[in-house]
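Just so you know, all these numbers are worked out from the coordinates, no wet-lab data involved. No experiment lies behind these values; they were computed from the predicted model shown. Note that each Cβ is placed from the backbone with ideal geometry, even for glycine, and that neighbours are counted across all protein chains shown.
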Amino acid sequence: MTAKEEIVQIKRRMEKAVEDLRKELSTIRTGRASISILDNIMVDYYGTPTPINQVAQLGTPDGTLITVQPYDASLVGPVEKAIRTSDLGLNPSNDGRIVRIPVPPLTEDRRKTLAKHVHKVLEDHRTAVRNIRRDGNEFMKKQLKEKLISEDDEKKSLDEVQKLTDEFIHKLEAVATAKEQEILKV
């Protein structure tokens, strides 16, 4: 693999880190109802843990309510139990056919706790981007050692990797800041 191919690979891996951050932050609840907060909920479907969106139809009829309508009526209980035992702090109720989940407004303390969680998730993804940078730098140094690239090419490649790292860390911070503002907005 050449240095240019490695840089393309590094950029692709860093883009995946940003997408993963977006996906992970979408599961953190804000003050309004969103079905994405249920993405990590697994329901016991005949002995197999199954994502909730594969066993039920999810909906948000208004900004304070999420409805979950299982395709199989016998799953109403397990769906309700899975939501209740999750760490989302939601209190679902059912009428035998549909599970209704009222989404209460967030308290000040809960908002601050969620903002701290956003920072932790951001730091994990920053570390991932830095690890990608480290892998790229090691590849370039190995290429130089094996005399496959010149010292000038190595320096250019290391600078390029650092620019990509700075760019993607900035993107990560922008995504996290937007989510934090969404959480803290009353």
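Worth pointing out:
- The GNM of the chain, with springs linking C-alpha atoms under 10 angstrom apart, assigns the highest mean-square fluctuation among 124, 153, 20 to 153.
- Degrees between helix 151-184 axis and first principal axis of the chain (Cα, 0 to 90, nearest 10): 20 degrees
- Cα gyration tensor category, rounded, prolate or oblate, for the range 70-135 with a/c compared to 1.5: oblate
- Between helix 3-26 and the chain there is an angle of about 20 degrees, using the helix long axis and the longest principal axis of the Cα atoms.
- Listed pairs 23/171; 112/185; 81/185 exceeding 20 Å between Cα atoms: 81/185
- Only Lys, Arg (+1) and Asp, Glu (-1) charged, at Cβ; the chain dipole about Cα centre in debye: 240 debye
- Residues considered: 163, 23, 145. Largest GNM mean-square fluctuation over the chain, using C-alpha springs under 10 Å, is found at 145.
- Gaussian network model of the chain, springs between alpha carbon atoms under 10 Å - residue of 22, 32, 12 with greatest fluctuation: 12
- Taking amide hydrogens as placed 1.01 Å from N in the peptide plane, the amide H of residue 94 sits under 5 Å from those of 100, each at least 5 positions away in sequence or on another chain.
- Prolate/oblate/rounded call for the chain, Cα gyration tensor, a/c under 1.5 rounded: prolate
- Computed from Cα atoms, the angle from the helix 108-145 axis to the main principal axis of the chain rounds to 30 degrees.
- The overall shape of the range 1-57, judged from the alpha-carbon gyration tensor, is oblate: a/c is not under 1.5, and a/b is no greater than b/c.
- Taking 0.36 nm per residue of separation and subtracting the Cα-Cα distance, full extension of the segment from residue 110 to residue 72 would add 10.3 nm.
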